[in-house]
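Contents: one structure, followed by commentary.
Coordinate-derived values only; no laboratory data. Just so it is clear, the structure is predicted and the values come from calculations on it, not from any experiment. FYI the Cβ positions are ideal-geometry reconstructions off the backbone, even for glycines, and counts take in every protein chain you see.
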Amino acid sequence: MDIIKIIFAIILPPVAAALHVGITKHFWINVLLTILGFLPGLIHALWLIFKK
């Protein structure tokens, strides 16, 4: 399942964050970071996946 989350993180970081932590504050942080720039959203999504 982690490989699917990593693929989603590369394509759509908020989707990967939602799959991993649900619709929580981390999801909304990731949405904001992705709007501000794709790379920060990608890094945050990958951090969420590899952190746990």
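For region 20-42, how many residues are among the β-branched types (Val, Ile, Thr) and in contact with a Leu (Cβ under 9 Å, 6 or more places away or on another chain)?
Final tally of qualifying residues: 2.
Looking at (1) free of Cβ contacts under 8 Å to residues at least 40 places away in the same chain; (2) out of contact with any Gly (no Cβ under 6 Å at 6 or more places or on another chain); (3) of a type outside the set (Phe, Trp, Tyr), can you tell me which one Leu33 breaks?
Tallying (1) free of Cβ contacts under 8 Å to residues at least 40 places away in the same chain; (2) out of contact with any Gly (no Cβ under 6 Å at 6 or more places or on another chain); (3) of a type outside the set (Phe, Trp, Tyr), Leu33 fails exactly one: (2).
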